[in-house]
Amino acid sequence: MTGKVSALRLGSPVRFEDRWHGSIAAIEITEDWEVVNVVVESGILFWQASVRLPFSTATAWNDSHLAMACTSGAAFRHEVPPLAVPSRPVGRETPLSISARFAGVLVSALDRQVKEVIISRSVGAMNRVPVTDASFEAKILRIGALPETLPRYSSDTVIDAEIRRLIRDDRGLTGDDKRGLRISVAGGAVTVGGNARVPNAIERAAQLVSRIPGVTSVTAEAVDDLTLETNIGLAIDRSGLSHHADVYARSSIGVVTLFGYVPNAAADDDIIRAVVAVPGVREVISRLETAAA
């Protein structure tokens, strides 16, 4: 897994290797904000069962679910022991120092460290609290920042849907730009990737995304056609292939067509391999001709 940050939310359903079963009832956190165990509950009233599971068994988590690398049977038969380290369970009943309820945490996939706490201040409205502004005092989770200064929290699913709506309805982006851009969201951090016609399209998409409540950062990694054509030319020069061939590229939203002359079919293949390796290239069409001796 990468070092991205994703939400671990109370109430999220749990997907075991054999089936979906239960939901997150509590999260066990150490004093230095590492998630070590999760409490999963299943059933209702007198038929309710719960189990503590090591968070190291988790393979993925987000606003919609938690995935575990064990079967539900093994989990609820207590065959997967929790991590035995000093920690505290945090759940819906955990008292907060402000008028709010604990709703979850944003956790790094790299080291399982909590980066931010998610709190619910009213129905449908959530905020994010950096761990630097949160601390435990006895059984109370104390929030050091003023409630009105806390940034809003929106799920990645909600942010993604709003981004797609804004881009779809925007009149400043061409249809090609809208089809070429690729948006990904992880823990409120948005990456604008893919391809566009011109640099202005990438800048415009990034500006649209930055206005959405709940977005924490925007990284523009998309490549425009002009930049891509330049990078392809540089890649061919660095490979030394340009000494024996006369090649130029035209890109249309990452679909690259090569024109010119090469000394033989082997050089054609070498150039195509060099072009495919350039970031932002989605497809290569060769119109290269073999030069006469």
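Only one of the numbered conditions (1) in a loop (DSSP other than H, G, I, E, B); (2) open to solvent by less than 60 Å² (accessible area, probe 1.4 Å); (3) within 22 Å of R15 (Cβ to Cβ); (4) not acidic (D, E) is violated by A75, and that is (1).
Kindly provide the set of residues from region 147-159 that are open to solvent by 40 Å² or more (accessible area, probe 1.4 Å) and over 16 Å from G214 (Cβ atoms), ordered by number.
If the condition is that a residue be open to solvent by 40 Å² or more (accessible area, probe 1.4 Å) and over 16 Å from G214 (Cβ atoms), then E148 is the only one that fits.
Scanning region 271-293 for residues that are open to solvent by less than 30 Å² (accessible area, probe 1.4 Å) and not in a loop (DSSP other than H, G, I, E, B), we see that the one that is farthest from L181 (Cα to Cα) is I271. The single residue among S97, S50, S87, S108 that is open to solvent by 30 Å² or more (accessible area, probe 1.4 Å) and either under 20 Å from V14 (Cα atoms) or of a type in the set (D, E, K, R) (or both) turns out to be S50. Applying the set (1) on the phi > 0 side of the Ramachandran plot; (2) touching a Leu at 6+ places or on another chain (Cβ under 9 Å); (3) part of a loop (DSSP other than H, G, I, E, B) to G214 leaves exactly one unmet item: (2).
Yes/no matrix, rows are residues, columns are (1) open to solvent by 70 Å² or more (accessible area, probe 1.4 Å); (2) over 18 Å from R282 (Cβ atoms); (3) modelled with pLDDT of 95 or more:
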site: G180; (1), (2), (3): no, no, yes
site: S184; (1), (2), (3): no, no, no
site: A189; (1), (2), (3): no, yes, no
site: G193; (1), (2), (3): no, no, yes
site: I202; (1), (2), (3): no, no, yes
site: R211; (1), (2), (3): yes, yes, no
site: G214; (1), (2), (3): no, yes, no
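Sort out which residues of region 216-228 are open to solvent by 20 Å² or more (accessible area, probe 1.4 Å), more than 21 Å from R171 (Cβ to Cβ) and in contact with a strand residue (DSSP E or B) (Cβ under 7 Å, 6 or more places away or on another chain), and write them in order of number. Answer for region 216-228, where residues must be open to solvent by 20 Å² or more (accessible area, probe 1.4 Å), more than 21 Å from R171 (Cβ to Cβ) and in contact with a strand residue (DSSP E or B) (Cβ under 7 Å, 6 or more places away or on another chain): T216, S217, T219, E221, V223. The residue that is least open to solvent (accessible area, probe 1.4 Å), among those in region 117-146 that are in contact (Cβ under 8 Å) with a residue 60 or more places away in the chain and out of contact with any Gly (no Cβ under 6 Å at 6 or more places or on another chain), is R128.
For D18, the conditions (1) over 23 Å from the mean Cα position of the chain (by Cα); (2) more than 22 Å from T94 (Cβ to Cβ); (3) in a strand (DSSP E or B) are fulfilled apart from (3).
The values are calculated or read from the model by the stated rules, or taken from the named source; none is laboratory data. Please read all numbers here as calculations on a predicted model, not as lab measurements. Counting neighbours? That spans all protein chains shown, and the Cβs are built from the backbone with ideal geometry, glycine included. Quick note on the areas: whole protein, heavy atoms, side chains included, nothing else; ligands and nucleic acids left out. Shrake-Rupley method; radii C 1.70, N 1.55, O 1.52, S 1.80 Å.
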